[in-house]
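Written below as structure tokens is the structure these notes are about.
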Amino acid sequence: MKPWHIEICDVTLRDGEQTPGVSFTRDEKMAIATSLDEIGVEVIEAGFPVVSAIEKECVAAIARSGLDARVCCLARALKPDIEAAIDCDVDMVSIFFATSDLHIRHKYRKPREEVLDGALDMVEFASDHGVQVRFAAEDASRTDPAFLIEMYTRGVECGAGLVSFADTVGCLTPLEIHAVISEILGAAPLPLCIHCHNDLGFAAANTITAAAAGAFQLHTTVNGIGERAGNAALEQVLVALRMKGGVDRYDLSGLQETSRLVARASGVFPERTRPIVGENAFAHESGIHIAAILEDPSTYEYVPPELVGGERRFVLGKHTGKRALEHVAKAYGFTLSDEEARWVLEQVKQKSEGKCSVTRDVLCGILKQAKEGILV
């Protein structure tokens with residue numbers, strides 16, 4: 001497989017911090033940026049400097065911290081925003097404006113071409129000051145593709161090094177994403193970025209689909225945090241790139257620890273069934289599954305847990321079989337006879353069906369009863 005030509009821009013520190021109720025301290029931002037850098041993320045979007053003096057200090061601190069990653073920040077197509085970005089010594093500024101007729105009508109109340117001309121002036125201004133420019137279309141998914149192609153083409157002519165497509169309200173499906181990205185790149189083969197929100201649950205799928213269609217820079221957040229339903233999850237995108245896109249340069253072994261770091265800092269913890277980083281991502285209860293996994297883990301694990309810094313876990317419950325029980329019991333220091341195993345298994349099933357969680361302590365209590373001959 002020829003690896004897809006992509007890079008990652010993680011926006012946890014900017015879009016992720018726009019999760020309602022979330023605010024990172026300077027130390028938390030530095031720790032998250034360092035963790036992303038260790039994974040090998042190429043671009044880190046550190047914040048939105050014009051928001052506050054503290055935000056500007058945080059962005060500048062990350063930009064000057066000596067990371068291997070390039071540091072980016074966000075700016076509206078306004079001179080004060082761009083001047084604040086330049087003051088921070090960032091490598092890249094993402095200049096955005098809303099491009100859909102809906103947004104232009106309600107936010108700018110000006111003709112579309114007038115808004116574009118003003119934004120292009122800011123692209124030139126930033127480029128003339130020696131900072132790389134990413135020219136971004138907000139609400140691109142509800143914008144006429146012909147206008148996007150004009151915008152992107154003129155943006156590059158004015159000095160933009162990258163152009164960006166944002167599915168701001170997460171309204172597209174993977175098939176729609178593939179069609180529009182293919183249309184844009186077919187007419188204007190420029191280095192295109194993709195920024196997807198998760199309102200329909202398609203953010204990671206749309207991001208990977210865009211990459212397959214030729215998008216270059218993929219935007220993510222750790223644990224998929226962000227406004228409303230969040231953004232494309234870094235961990236899902238990176239694993240999909242490894243498994244499906246032939247991209248093996250990222251160190252995925254730190255994904256679970258990075259997830260925990262961001263969860264602690266944000267107070268937003270992944271649901272148990274979340275892919276890659278959820279508590280149950282590598283947990284198994286079915287006896288049929290566990291028996292096969294003990295022979296060959298790939299029978300029921302497409303992603304090896306050790307690839308992402310995780311561990312396989314067997315959970316005992318109503319679906320547990322004898323072989324799984326014996327394996328777990330042995331790990332806890334108990335060797336069971338056939339009679340003891342049958343009795344313990346019956347106790348486990350009864351407790352599970354009664355909605356009692358069979359924790360390690362509960363199981364060890366049952367195992368001790370069995371070894372002491374208390375088979376009631």
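In this structure, does LEU241 turn out to be touching a strand residue (DSSP E or B) at 6+ places or on another chain (Cβ under 9 Å), open to solvent by less than 10 Å² (accessible area, probe 1.4 Å) and within 29 Å of SER266 (Cα to Cα)? Before the answer, list the steps.
On the way: touching a strand residue (DSSP E or B) at 6+ places or on another chain (Cβ under 9 Å): yes; open to solvent by less than 10 Å² (accessible area, probe 1.4 Å): yes; within 29 Å of SER266 (Cα to Cα): yes.
Yes: the conditions hold for LEU241.
Determine whether ILE6 is out of contact with any Pro (no Cβ under 7 Å at 6 or more places or on another chain) and either open to solvent by 10 Å² or more (accessible area, probe 1.4 Å) or under 20 Å from GLY161 (Cα atoms) (or both). Can you show your working first?
Details: out of contact with any Pro (no Cβ under 7 Å at 6 or more places or on another chain): yes; either open to solvent by 10 Å² or more (accessible area, probe 1.4 Å) or under 20 Å from GLY161 (Cα atoms) (or both): yes.
Yes, satisfied.
Filter the stretch 9-59 down to the residues that are among the basic types (Lys, Arg) and out of contact with any strand residue (DSSP E or B) (no Cβ under 7 Å at 6 or more places or on another chain), then identify the one that is surrounded by the most Cβ atoms within 10 Å (Cβ to Cβ).
LYS29
Can you find, within the stretch 311-335, the residue that is farthest from LEU255 (Cα to Cα) among those that are part of a helix (DSSP H, G or I) and open to solvent by 40 Å² or more (accessible area, probe 1.4 Å)?
The initial filter retains those residues of the stretch 311-335 that are part of a helix (DSSP H, G or I), namely 322-331.
Now restrict to residues that are open to solvent by 40 Å² or more (accessible area, probe 1.4 Å): 322-323, 326-327, 330-331.
Values: LYS322: 33, ARG323: 31, GLU326: 31, HIS327: 28, LYS330: 30, ALA331: 27 Å.
Applying the filter and picking the extreme gives LYS322.
Mind telling me which of the residues ARG342, ARG360, ARG313 ends up being more than 24 Å from THR273 (Cβ to Cβ) and free of Cβ contacts under 8 Å to residues at least 60 places away in the same chain? I'd like the intermediate steps shown before the answer.
Working: ARG360 fails: more than 24 Å from THR273 (Cβ to Cβ); ARG313 fails: more than 24 Å from THR273 (Cβ to Cβ).
Unique residue meeting the criteria: ARG342.
Would you point out the residue of the stretch 301-347, among those that are modelled with pLDDT under 85 and β-branched (Val, Ile, Thr), that is farthest from GLN256 (Cα to Cα)?
Step by step, filter the stretch 301-347, then rank; the result is THR320.
Give the number of residues within the stretch 284-310 that are in contact (Cβ under 8 Å) with a residue 12 or more places away in the chain and either closer than 30 Å to LEU36 by Cβ or open to solvent by less than 40 Å² (accessible area, probe 1.4 Å) (or both).
So the first thing to find is which residues in the stretch 284-310 are in contact (Cβ under 8 Å) with a residue 12 or more places away in the chain, and the list is 284-288, 290-291, 293-294, 297, 300-303, 305-310.
Pick out the ones that are also either closer than 30 Å to LEU36 by Cβ or open to solvent by less than 40 Å² (accessible area, probe 1.4 Å) (or both) and you get 284, 286-287, 290-291, 293, 297, 301-303, 305-310.
So the count comes out to 16.
Of the numbered conditions (1) open to solvent by less than 40 Å² (accessible area, probe 1.4 Å); (2) assigned to a helix (DSSP H, G or I); (3) not β-branched (Val, Ile, Thr), PHE97 fails exactly one; give the number of that condition.
So PHE97 meets the others, but not (2).
Looking at the stretch 348-368, which of its residues are over 18 Å from ILE288 (Cα atoms), open to solvent by less than 30 Å² (accessible area, probe 1.4 Å) and assigned to a helix (DSSP H, G or I)?
Scanning the stretch 348-368 gives LEU363, CYS364, ILE366, LEU367.
Keeping to the stretch 24-48, report how many residues are touching a residue at least 40 places away in the same chain (Cβ under 8 Å) and part of a helix (DSSP H, G or I).
7
Yes/no matrix, rows are residues, columns are (1) among the basic types (Lys, Arg); (2) at pLDDT below 95; (3) more than 21 Å from ILE8 (Cβ to Cβ):
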| position | (1), (2), (3) |
| --- | --- |
| ALA140 | no, no, no |
| ALA146 | no, no, yes |
| VAL156 | no, no, yes |
| ALA188 | no, yes, yes |
| ASN198 | no, no, no |
| PHE202 | no, no, no |
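Tell me yes or no: at least one residue of the stretch 336-347 is among the hydroxyl-bearing types (Ser, Thr, Tyr), over 37 Å from the mean Cα position of the chain (by Cα) and open to solvent by 30 Å² or more (accessible area, probe 1.4 Å).
Step one: filter the stretch 336-347 for residues among the hydroxyl-bearing types (Ser, Thr, Tyr), giving 337.
If we keep only those that are over 37 Å from the mean Cα position of the chain (by Cα) as well, we get 337.
Retained after the next criterion (residues that are open to solvent by 30 Å² or more (accessible area, probe 1.4 Å)): 337.
Yes, that holds for at least one residue.
Residue-wise test of (1) open to solvent by 10 Å² or more (accessible area, probe 1.4 Å); (2) not in a loop (DSSP other than H, G, I, E, B).
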position: SER65; (1), (2): yes, no
position: VAL71; (1), (2): no, yes
position: LEU74; (1), (2): yes, yes
position: ASP81; (1), (2): no, yes
position: VAL93; (1), (2): no, yes
position: GLU114; (1), (2): yes, yes
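Looking only at the stretch 242-270, how many residues end up being free of Cβ contacts under 8 Å to residues at least 40 places away in the same chain and more than 14 Å from the chain's Cα centre (by Cα)?
2
The values are calculated or read from the model by the stated rules, or taken from the named source; none is laboratory data. No experiment lies behind these values; they were computed from the predicted model shown. In this analysis, Cβ positions are derived from the backbone assuming ideal geometry, glycine residues included, and neighbour counts consider all displayed protein chains. Note: areas computed on protein heavy atoms with side chains; ligands, DNA, RNA excluded. Shrake-Rupley method; radii C 1.70, N 1.55, O 1.52, S 1.80 Å.
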